[in-house]
Amino acid sequence: MLKNIPSILSPELLKILMEMGHGDEIVIADGNFPGASIAKNLVRLDGHGVPQVLDAVVSLMPLDAYVKQPVGLMQVVKGDNVVPTIWNEYEKIINLIEPDALKNGFEMIERFEFYERAKNAYAVIMTGESAIYANIILKKGVVKS
């Protein structure tokens, strides 16, 4: 056991977060996301929701301060009458831990473009999240001394 590491983060996920470098991206995906067919590195956290995983990941991993929008969301498909209220939770979590990360808001990424970005992401974390449009991409930054 280690101190001060959120218990939701598995040894496999901690290893991945450590391996990632500046500019690498990680996807935290909902239960509907096609992670197994897309991911280079797939981590399963089925018993958890995206907000809990997001909180744990952002508490350890800095977000990229050198890009306009280091956090991306899957844009709602035109014609879907959905307002993803889970995005408000994401905003609260990120603003608490990385106050400047959302100064330019979330990057809104079209669905198929999101899938392409996910194919190139360092890893995809599959959760058991049941909210739709709950997928989020984080771009890793640097730890400044």
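The values are calculated or read from the model by the stated rules, or taken from the named source; none is laboratory data. Just so you know, these numbers come straight off a predicted model, no measurement behind them. For neighbour counting, all protein chains shown are included, and Cβ atoms are generated from backbone atoms with ideal geometry for every residue, glycine included. Ligands, DNA and RNA are excluded from the accessible area calculation, which covers all protein heavy atoms including side chains. Shrake-Rupley method; radii C 1.70, N 1.55, O 1.52, S 1.80 Å.
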**Asked** How many nm is it between the label spots at residue 44 and residue 68, if each spot is 7 Å from the Cα in line with the beta carbon?
**Response** 3.9
**Fill in**
Among segment 123-138, those whose backbone N falls under 11 Å of a label point 7 Å along Cα→Cβ from residue 80 are 131-135
**3, 92, 139, reordered so the largest accessible area comes first (probe 1.4 Å)** = 3, 92, 139
**Asked** In whole Å, how far is the Cα centre of segment 41-113 from that of segment 1-28?
**Response** 16
**Message:** Give the lysines whose C-alpha is closer than 17 Å to that of residue 119, dropping any in the same chain fewer than 8 places away, or say none.
**Reply:** 40, 139, 140
**Request:** At 1.4 Å probe size, with every protein chain present, just tell me what the per residue accessible area of the chain comes to in Å².
**Result:** 54
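Give me the dipole magnitude in Debye, nearest 20, for the chain about the Cα centre, with unit charges on the beta carbon: positive for Lys and Arg, negative for Asp and Glu. Show your work: numbers first, answer last.
On the way: 14 positive and 18 negative charges, 55 e Å.
For this selection, approximately 260 debye.
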**Item:** Neighbour net charge for residue 135 - beta-carbon separation under 11 angstrom, K R +1, D E -1
**Value:** 0
**Request:** Please say if the chain is rounded, prolate or oblate, where rounded means a/c under 1.5 for a ≥ b ≥ c the square roots of the C-alpha gyration tensor eigenvalues, and otherwise the choice is prolate for a/b larger than b/c and oblate otherwise?
**Result:** rounded
**Fill in**
At 10 °C and 1.306 mPa s, the Stokes-Einstein diffusion coefficient in µm²/s for segment 10-96, with hydrodynamic radius from the Kirkwood sum on alpha carbon pairs, is 109
**Item:** Nearest-0.05 FRET efficiency for residue 120 and residue 36, computed from C-beta distance (R0 25 Å)
**Value:** 0.95
**Item:** FRET E, pair residue 22, residue 108, Förster distance 30 Å, beta-carbon r, rounded to 0.05
**Value:** 0.80
